Amino acid sequence: MRWLIVLCALIFLVFLILCAWGYGQFVLPGPLPTEKTIVIPRGVGIERIAVILGRHNIIKIPLVFSISARTVGAGKSLKAGEFSFSKHVSPRAVMNILQKGKQVVRRLTVAEGLTNKQILEVLNKTDGLTGKAIMPLSEGKLLPETYYFSYGDNRSTIVRRMLVGMRGVLAKSWQNRTLKLPIFSIKDAIILASIVEKETGRSAERARIAGVFMNRLRRNMKLQSDPTVIFSITKGQLKLERALTRGDLNTRSPYNTYYIKGLPPGPITNPGLAAIQAVMNPINTDELYFVADGKGGHIFAKNLADHNKNVAKWRHLIK
């Protein structure tokens, strides 16, 4: 009987030693030499998670991690996703990170002036997104912006956020617009904003160009915007790899503002916030014309004679 007591005492002592050793392994700094980001797949159990962590050298002994996590009741509360672990992070800290589920935040920037097709290409090339994006049929419904997401988010979720973002920006900007503009609806505003977006990349020019277009609309003049001619030819599906010709300007299309008076039936691209605000609050000017200055900007004119002189200068520059 005495030997049984001694054996039980030895077993208990070994158990205590193992527990103390295991606890030490669980709370002491781990082997990870530098910060590292990994992905924990969905649907895997605690043992598989421990193996993944061990394979990436985040923890030293997977068995200690899995037993310890189960002991404190965290075995079923570890989250899937993309996580970042600091240098020499302890297994206990790893467990806390996976429990809280605070994933790495990724960033996707959609530039102003992209068409739906171009935005779809950006989404499809963005690593970490899943699924198929369902794009709107017409342009001008997606807000170009920087969007934050987590690994595994669906592309259609990003598209929905872009749709909601554009509706919100348009509603607020329309409410704060300058009164007595020659545009009569939010649809008119987004159409003209898409044209302004494609006319200039300079922030200082947007409201001025919007002012020119407002003057032309008031006088029932054709807008004569080259980007609308390009859209008439490409429908936003490809890039026009050549200069416009005189024949292009005569293209019979409801989007060609050399052919029609007023606004085209829809936007030609997805404008950004700055272009939208420029249209809602254009500069009050008496200018009616503008042409490229060869330096990335434009030269403006109040009458056709001055404009023709500016055009002649531009043609001389590009020869």
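Laboratory data are not the source of any read-out in this text; all were calculated from the coordinates shown. This structure is a prediction, so every number in the text was calculated from the model and none was measured. Cβ sites come from the backbone with ideal geometry, for glycine too, and all protein chains shown count toward neighbours.
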**Study point:** Placed amide H near residue 225: partners under 5 Å, 5+ positions off or other chain
**Key:** 257, 258
**Study point:** Where Rh is the Kirkwood radius over Cα pairs, Rg/Rh for segment 28-100
**Key:** 0.91
Revision key, fill the gap. One computes Rg over Rh for the chain from alpha-carbon atoms, with the Kirkwood Rh, and obtains 1.28
Point to revise | Residues with amide H under 5 Å from that of residue 81, placed H, sequence gap 5 or more | key: 40
**Study point:** Per-residue ³J(HN,Hα) for segment 108-113, Karplus 6.51 cos²θ - 1.76 cosθ + 1.60, θ = phi - 60°, Hz, x for Gly and Pro
**Key:** 10, 10, 9, 6, 5, x
Practice item. Work out from phi, with θ = phi - 60° and the Karplus expression 6.51 cos²θ - 1.76 cosθ + 1.60, the ³J(HN,Hα) of each residue of segment 203-217, listed in order in whole Hz, and give x for Gly and Pro. Key: 4, 5, 9, 4, 5, 6, 5, 4, x, 4, 5, 4, 4, 5, 5
Exercise for review: List every residue whose amide H lies under 5 Å from the amide H of residue 110, counting only residues 5 or more places away in sequence or on a different chain, with H placed 1.01 Å from N in the peptide plane.
Suggested key: 145, 146, 147
Study note, to complete from the structure: Sorting 191, 151, 85 by the position of each Cα along the dipole of the chain (Lys, Arg +1; Asp, Glu -1; all at Cβ), the one nearest the positive end of that ordering is 191
Check your understanding: Which value, in debye to the nearest 20, describes the size of the charge dipole of segment 179-319 about its Cα centre when Lys and Arg Cβ atoms bear +1, Asp and Glu Cβ atoms bear -1, and nothing else is charged?
Key -> 280 debye
Point to revise | Mean ellipticity per residue at 222 nm, deg cm²/dmol - from DSSP H runs of n ≥ 4 across the chain, formula -39500 (n - 2.57) | key: -15000 deg cm²/dmol
Exercise for review: Report ³J(HN,Hα) in whole Hz for each residue of segment 115-121, in order, from the Karplus equation J = 6.51 cos²θ - 1.76 cosθ + 1.60 where θ = phi - 60°; Gly and Pro get x.
Suggested key: 7, 4, 5, 5, 5, 4, 4
